[in-house]
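Structure record follows, encoded as C-alpha coordinates.
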(Lines give C-alpha, C1' and ligand atoms only; values in the text may rest on other atoms or scores of the structure.)
Protein backbone atom coordinates (compact mmCIF):
# COMPACT_ATOMS: atom_id res chain seq x y z
CA UNK A 1 0.00 0.00 0.00
CA UNK A 2 1.31 3.44 -0.90
CA UNK A 3 2.05 5.54 2.18
CA UNK A 4 1.23 9.20 2.29
CA UNK A 5 4.04 11.09 3.95
CA UNK A 6 4.26 14.70 4.97
CA UNK A 7 7.86 15.31 4.13
CA UNK A 8 10.00 18.36 3.59
CA UNK A 9 13.37 18.39 1.92
CA UNK A 10 15.99 16.92 4.24
CA UNK A 11 13.36 15.57 6.68
CA UNK A 12 13.75 11.96 7.86
CA UNK A 13 11.15 9.29 7.11
CA UNK A 14 8.30 9.92 9.60
CA UNK A 15 7.75 6.24 10.38
CA UNK A 16 11.45 5.68 11.03
CA UNK A 17 11.59 8.67 13.37
CA UNK A 18 8.26 8.16 15.13
CA UNK A 19 8.02 4.38 15.18
CA UNK A 20 5.14 2.36 13.78
CA UNK A 21 2.58 2.95 16.55
CA UNK A 22 3.08 6.71 16.83
CA UNK A 23 3.10 7.17 13.06
CA UNK A 24 -0.11 5.12 12.77
CA UNK A 25 -1.72 7.09 15.59
CA UNK A 26 -0.78 10.35 13.90
CA UNK A 27 -2.62 9.18 10.79
CA UNK A 28 -5.65 8.09 12.83
CA UNK A 29 -5.78 11.55 14.36
CA UNK A 30 -5.66 13.09 10.90
CA UNK A 31 -8.62 10.89 9.91
CA UNK A 32 -10.51 11.86 13.08
CA UNK A 33 -9.83 15.57 12.56
CA UNK A 34 -10.97 15.42 8.94
CA UNK A 35 -14.08 13.40 9.84
CA UNK A 36 -15.06 16.07 12.36
CA UNK A 37 -14.35 18.89 9.89
CA UNK A 38 -16.31 17.21 7.09
CA UNK A 39 -19.13 16.38 9.50
CA UNK A 40 -19.58 20.08 10.37
CA UNK A 41 -19.51 20.99 6.69
CA UNK A 42 -22.09 18.27 5.93
CA UNK A 43 -24.39 19.70 8.56
CA UNK A 44 -24.16 23.13 6.95
CA UNK A 45 -24.64 21.76 3.42
CA UNK A 46 -27.18 18.94 3.77
CA UNK A 47 -28.58 19.43 7.28
CA UNK A 48 -27.11 16.46 9.17
CA UNK A 49 -23.76 15.60 10.71
CA UNK A 50 -21.77 12.54 9.71
CA UNK A 51 -22.99 10.65 12.78
CA UNK A 52 -26.60 11.61 12.11
CA UNK A 53 -26.29 10.44 8.51
CA UNK A 54 -24.86 7.08 9.58
CA UNK A 55 -27.80 6.63 11.95
CA UNK A 56 -30.25 7.57 9.18
CA UNK A 57 -28.54 5.16 6.75
CA UNK A 58 -28.72 2.32 9.29
CA UNK A 59 -32.38 2.98 10.07
CA UNK A 60 -33.02 2.97 6.32
CA UNK A 61 -31.42 -0.46 6.06
CA UNK A 62 -33.03 -1.84 9.22
CA UNK A 63 -36.52 -0.33 9.59
CA UNK A 64 -37.78 -0.83 13.12
CA UNK A 65 -34.25 -1.12 14.53
CA UNK A 66 -33.84 -0.61 18.26
CA UNK A 67 -31.69 2.07 19.84
CA UNK A 68 -29.53 -0.64 21.41
CA UNK A 69 -28.81 -2.29 18.07
CA UNK A 70 -28.03 1.10 16.50
CA UNK A 71 -25.55 1.81 19.30
CA UNK A 72 -23.85 -1.55 18.63
CA UNK A 73 -23.58 -0.85 14.91
CA UNK A 74 -22.18 2.67 15.43
CA UNK A 75 -19.88 1.43 18.22
CA UNK A 76 -21.09 3.90 20.85
CA UNK A 77 -22.73 3.60 24.25
CA UNK A 78 -26.54 3.81 23.99
CA UNK A 79 -26.57 6.98 26.12
CA UNK A 80 -24.28 8.64 23.56
CA UNK A 81 -26.78 7.87 20.82
CA UNK A 82 -29.78 9.24 22.73
CA UNK A 83 -29.09 12.87 21.83
CA UNK A 84 -28.49 12.03 18.17
CA UNK A 85 -31.80 10.16 17.98
CA UNK A 86 -33.67 12.95 19.79
CA UNK A 87 -32.35 15.57 17.34
CA UNK A 88 -33.31 13.42 14.34
CA UNK A 89 -36.82 12.92 15.75
CA UNK A 90 -37.18 16.65 16.47
CA UNK A 91 -36.09 17.53 12.91
CA UNK A 92 -38.62 15.12 11.42
CA UNK A 93 -36.09 12.71 9.89
CA UNK A 94 -37.06 9.66 11.93
CA UNK A 95 -39.99 8.37 13.97
CA UNK A 96 -39.59 6.77 17.40
CA UNK A 97 -42.17 4.19 18.43
CA UNK A 98 -42.46 1.96 21.45
CA UNK A 99 -42.09 -1.75 20.82
CA UNK A 100 -45.59 -3.23 21.19
CA UNK A 101 -44.18 -6.24 23.06
CA UNK A 102 -41.81 -4.34 25.38
CA UNK A 103 -42.59 -0.70 26.22
CA UNK A 104 -38.99 -0.18 27.43
CA UNK A 105 -37.71 -0.67 23.88
CA UNK A 106 -37.85 2.09 21.26
CA UNK A 107 -37.86 1.31 17.55
CA UNK A 108 -37.01 3.74 14.77
CA UNK A 109 -38.16 4.26 11.20
CA UNK A 110 -37.38 6.86 8.56
CA UNK A 111 -39.84 9.61 7.74
CA UNK A 112 -39.94 11.10 4.20
CA UNK A 113 -37.28 13.75 4.95
CA UNK A 114 -35.07 11.04 6.44
CA UNK A 115 -35.53 8.95 3.32
CA UNK A 116 -34.24 11.90 1.26
CA UNK A 117 -31.12 12.16 3.44
CA UNK A 118 -30.67 8.38 3.25
CA UNK A 119 -30.74 8.53 -0.54
CA UNK A 120 -28.54 11.57 -1.10
CA UNK A 121 -24.86 10.91 -1.74
CA UNK A 122 -23.33 14.22 -2.76
CA UNK A 123 -21.22 16.12 -0.24
CA UNK A 124 -21.19 13.28 2.30
CA UNK A 125 -18.36 11.70 4.24
CA UNK A 126 -19.54 8.37 2.89
CA UNK A 127 -18.99 9.55 -0.69
CA UNK A 128 -15.44 10.67 0.17
CA UNK A 129 -14.68 7.33 1.82
CA UNK A 130 -16.17 5.47 -1.16
CA UNK A 131 -13.86 7.43 -3.50
CA UNK A 132 -10.84 6.76 -1.27
CA UNK A 133 -11.38 3.01 -0.97
CA UNK A 134 -12.14 2.87 -4.68
CA UNK A 135 -8.53 3.93 -5.29
CA UNK A 136 -7.24 0.77 -3.60
CA UNK A 137 -7.44 -2.92 -4.46
CA UNK A 138 -10.14 -4.78 -2.51
CA UNK A 139 -7.50 -6.83 -0.69
CA UNK A 140 -5.91 -3.68 0.74
CA UNK A 141 -9.31 -2.37 1.82
CA UNK A 142 -9.96 -5.68 3.59
CA UNK A 143 -6.61 -5.47 5.39
CA UNK A 144 -7.26 -1.85 6.39
CA UNK A 145 -10.71 -2.82 7.73
CA UNK A 146 -9.11 -5.64 9.74
CA UNK A 147 -6.47 -3.31 11.19
CA UNK A 148 -9.05 -0.70 12.14
CA UNK A 149 -11.25 -3.36 13.76
CA UNK A 150 -8.33 -4.65 15.85
CA UNK A 151 -7.35 -1.10 16.89
CA UNK A 152 -10.98 -0.26 17.80
CA UNK A 153 -11.23 -3.48 19.82
CA UNK A 154 -7.97 -2.83 21.64
CA UNK A 155 -8.96 0.74 22.46
CA UNK A 156 -12.32 -0.45 23.81
CA UNK A 157 -10.53 -3.06 25.95
CA UNK A 158 -8.45 -0.36 27.62
CA UNK A 159 -11.72 1.14 28.93
CA UNK A 160 -12.52 -2.08 30.78
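The values are calculated or read from the model by the stated rules, or taken from the named source; none is laboratory data. Not measured: the values here are computed from a predicted model. Cβ sites come from the backbone with ideal geometry, for glycine too, and all protein chains shown count toward neighbours.
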**Request:** Identify the single condition in (1) modelled with pLDDT under 95; (2) over 16 Å from the mean Cα position of the chain (by Cα) that residue 87 does not satisfy, given that it satisfies every other one.
**Result:** (1)
**Message:** What pairs come out if I take residues in the stretch 124-148 that are in contact (Cβ under 8 Å) with a residue 12 or more places away in the chain and pair them with residues that are outside any helix (DSSP H, G or I) and surrounded by fewer than 14 Cβ atoms within 10 Å (Cβ to Cβ) whose C-beta lies under 6 Å away, six or more apart or interchain?
**Reply:** 140/1
**Request:** Those residues that are more than 16 Å from residue 70 (Cα to Cα) and out of contact with any helix residue (DSSP H, G or I) (no Cβ under 7 Å at 6 or more places or on another chain), I need them from the stretch 84-114; list them, please.
**Result:** 90, 91, 100, 101, 102, 103, 111, 112, 113
**Message:** I need every pair where a residue in the stretch 47-63 that is at positive phi and in contact (Cβ under 8 Å) with a residue 60 or more places away in the chain has its Cβ under 9 Å from the Cβ of a residue that is surrounded by 23 or more Cβ atoms within 10 Å (Cβ to Cβ) and not in a helix (DSSP H, G or I), sequence separation at least 6 or different chains.
**Reply:** 47/93
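Say whether the condition of being assigned to a loop (DSSP other than H, G, I, E, B) and either more than 20 Å from the chain's Cα centre (by Cα) or at positive phi (or both) is met by at least one residue in the stretch 139-154. Please lay out each step first, then the result.
Pass one, the stretch 139-154, residues assigned to a loop (DSSP other than H, G, I, E, B): none.
No, the conditions are met nowhere in the stretch 139-154.
Are any residues in the stretch 104-147 touching a strand residue (DSSP E or B) at 6+ places or on another chain (Cβ under 7 Å) and closer than 17 Å to residue 93 by Cβ, and if so, which ones? Break it down stepwise before answering.
Of all residues in the stretch 104-147, those touching a strand residue (DSSP E or B) at 6+ places or on another chain (Cβ under 7 Å) come to 105-111, 114, 118.
Correct list: 106, 107, 108, 109, 110, 111, 114, 118.
Working only within the stretch 74-114, note down all residues that are outside any helix (DSSP H, G or I), in contact (Cβ under 8 Å) with a residue 40 or more places away in the chain and surrounded by 16 or more Cβ atoms within 10 Å (Cβ to Cβ). Full working, then the answer.
Of the residues in the stretch 74-114, the ones outside any helix (DSSP H, G or I) are 75-77, 91-111.
Filter once more, keeping what is in contact (Cβ under 8 Å) with a residue 40 or more places away in the chain: 75, 91, 93, 106-110.
Within the stretch 74-114, 93, 106, 107, 108, 109, 110 meet the criteria.
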